[in-house]
Amino acid sequence: MERKTQRLPGVKFIGLLNANHLQRCVYLNKITGQATPVLTSIEQVFFSDEPDCQCKTEPMNGSYQETATLKFLSTTLLPMIPGGNYAFVVTDIEDNSFLIGSLEPPHLTFECTMQCGAPDGDGSGFYYEIKHCQYRTMIPCTISTNRKL
């Protein structure tokens, strides 16, 4: 079994957006090698420490399935409504942007854990772990700088 994992060299921007405003079948753009345009407003997510973003590819039922995982610590609670359809845009230090999430199911899942931190200087805030499993995920995308909020 062949497994492949891709990790971003460093994350400099994380953005939250409403996935209901995305194009249909954005994963097809990754298969064809095209960047997906993100034409909706993006809310910047402020994070601390070092976020971790990776994409793992595994064979499944004669094809491949990718699992993108984004982990970060934020000082603010994200305005996410349970059952809402959200997506994230992640930009690395080389200005490559990736879309995690899609309009169609399966939607991404997220966990939020509130951490108080230890008195010796550990960070406190909200720890997020976002996962998205689909044929293709962590799709290269283009965002215009005037769309970031």
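Key figures
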quantity	calculated
Hits in the stretch 128-149 - residues which are open to solvent by 70 Å² or more (accessible area, probe 1.4 Å) and modelled with pLDDT of 90 or more	Lys131, Thr142
Breaking point among (1) on the phi < 0 side of the Ramachandran plot; (2) more than 10 Å from the chain's Cα centre (by Cα); (3) not in a strand (DSSP E or B), for Thr137	(2)
Enumeration of residues in the stretch 31-48 that are farther than 19 Å from Tyr86 by Cα and out of contact with any Cys (no Cβ under 7 Å at 6 or more places or on another chain)	Ile31, Thr32, Gly33, Gln34, Ser48
Qualifying residue in the stretch 92-99 (condition: touching a Phe, Trp or Tyr at 6+ places or on another chain (Cβ under 6 Å), of a type in the set (Phe, Trp, Tyr) and over 17 Å from Asn20 (Cβ atoms))	no
Positions within the stretch 1-46 being farther than 12 Å from Val90 by Cβ, modelled with pLDDT of 90 or more and aromatic (Phe, Trp, Tyr), in sequence order	Phe46
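The values are calculated or read from the model by the stated rules, or taken from the named source; none is laboratory data. If you're wondering where the values come from, they're calculated on a predicted model, not measured in any experiment. Neighbour counts run over all protein chains shown; Cβ positions are idealised from the backbone, glycine included. Surface areas here come from the heavy atoms of the whole protein model, side chains and all, with no ligands, DNA or RNA. Shrake-Rupley method; radii C 1.70, N 1.55, O 1.52, S 1.80 Å.
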